[in-house]
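Take a look at the structure set out below.
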Amino acid sequence: MDLEVRLPAQVSGEGRYLVPSQPFFSLVRSLPGEAVELALGGESPGAQGTPQLSLSSGRFTTRLSAAPTEGYPDLLFPDPGGPGGDGVFPYRVLLPVEELLKVLAHVRYAASNEEYRAIFRGVQLEFSERGLRAVASDGYRLALFDLERPQPFAQKAVVPARSVDEVVRVLRSAGTGEAGLALGPGVLALEVGQGGEGALRMAVRLMEGEFPDYERVIPREFPSRVALEVEPFREALRRVSVLADRQNHRVDLLFGEGRALLSAEGDYGRGQEEVPVGLEGTPMGLAYNARYLLEALGPLTGSAELLLSGPKSPSLIRPLGGGGYQAVVVPLRV
């Protein structure tokens, strides 16, 4: 991962050096003043030819040993220009920061943290004339988000989940404005601030390959549909899951006319709670891993629907009335 930040500053002279990251960032986080003054020059005592970085803020001052940048690798960022203006990064996208953040934040939880899961340790971005889709799965559940912003090209890119975490942090710090994405062979670049003061550029290496055909695990027919208010349902599920078995986190859900009965039993006892819901179709009982169900409900607010394809086949969760987000959760086989 490559990261570059440009900050507004009053600068006299030019210079480019490396500084030790750990002490530098620790000092910057705790500086006492409202402004900071940096000066490059001089030599460290006992280390002839080694430049120093002096740093002062308020009543605090210090000097850090610096090093020349010879041998430091070039950062891989696209050249300035419009779409298609760069042979290395032929595909360009410009999106509102809030929309890109929503796409990634809604699906990141479903990516696997297990090394043996290979490609599922990433989030797949799909660019097409239908828009931008993000997909994540760990083999037990799946989350996707469709953003209806048609793209002039068709490409897929799998971004490592840990890199997605850093991209999300960058987008949250940016707040508003536009984010530029540039896609090249094996690399995805991000820019916020668009080259002005306070601009930030980031490049992440992509994973090789792409997801298998995940569309086949998304159910299409539902004998039962449950309409629910997310917050009370989620809170009831969280309370009941405290008593769930510590191995599989099993919570049983029995959907009937106008209500859902949530229950769990484990080493510490048994608990249950009834929540009002709207049921259309056949009453049904299922068991879920409570953590998977809670995480699938996590990005949602207001009203949602739980679409049941069967007691042992995948269930689909999505906002009531649409919204781009869908989550697939597989019931436990009991």
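The values are calculated or read from the model by the stated rules, or taken from the named source; none is laboratory data. As the structure is a prediction and not an experimental result, all values here were calculated from the model. We place every Cβ from the backbone using ideal geometry, glycine too, and count neighbours over all the protein chains shown. For the accessible areas, the whole protein counts, side chains as well, though only heavy atoms, and no ligand, DNA or RNA atoms are used. Shrake-Rupley method; radii C 1.70, N 1.55, O 1.52, S 1.80 Å.
In summary, strands (runs of 3 or more DSSP E) completely within the stretch 99-202 and bearing 2 or more residues that are closer than 29 Å to Tyr292 by Cα and either open to solvent by 10 Å² or more (accessible area, probe 1.4 Å) or not acidic (Asp, Glu) (or both) occur at 122-128, 131-137, 141-147, 155-160. Being farther than 30 Å from Gln10 by Cα, more than 21 Å from the chain's Cα centre (by Cα) and modelled with pLDDT of 95 or more: is that true of Arg225 here? Here the answer is yes, as Arg225 does meet what is asked. From the residues in the stretch 315-334 that are more than 14 Å from Val226 (Cα to Cα) and part of a loop (DSSP other than H, G, I, E, B), which one is least open to solvent (accessible area, probe 1.4 Å)? So, considering only residues that are more than 14 Å from Val226 (Cα to Cα) and part of a loop (DSSP other than H, G, I, E, B), the one least open to solvent (accessible area, probe 1.4 Å) is Pro331.
A search for C-beta distances below 6 Å between a residue of the stretch 154-171 that is under 17 Å from Asp2 (Cβ atoms) and any residue that is open to solvent by 60 Å² or more (accessible area, probe 1.4 Å) and outside any helix (DSSP H, G or I), counting only pairs 6+ apart in sequence or on different chains, returns Ser163/Met1. Checked against the criterion of being aliphatic (A, V, I, L, M), touching a Pro at 6+ places or on another chain (Cβ under 8 Å) and either part of a helix (DSSP H, G or I) or closer than 30 Å to Leu190 by Cα (or both), the stretch 223-232 contains not a single residue that satisfies it.
State all residues of the stretch 257-285 that are within 14 Å of Leu306 (Cβ to Cβ) and over 33 Å from the mean Cα position of the chain (by Cα); if no residue qualifies, say none. Passing the criteria: Arg259, Glu280, Gly281, Thr282, Pro283, Met284. Pairs linking a residue in the stretch 112-138 that is closer than 12 Å to Val158 by Cα to a residue that is open to solvent by less than 30 Å² (accessible area, probe 1.4 Å) and of a type in the set (Asp, Glu), with Cβ atoms under 8 Å and 6 or more positions apart or on different chains, are Phe120/Asp138; Arg133/Glu126; Ala134/Glu126; Val135/Glu126. Residues considered: Phe25, Phe77, Phe89. Of these, the only one that is outside any loop (DSSP other than H, G, I, E, B) and either modelled with pLDDT under 85 or of a type outside the set (Gly, Ala, Ser) (or both) is Phe25.
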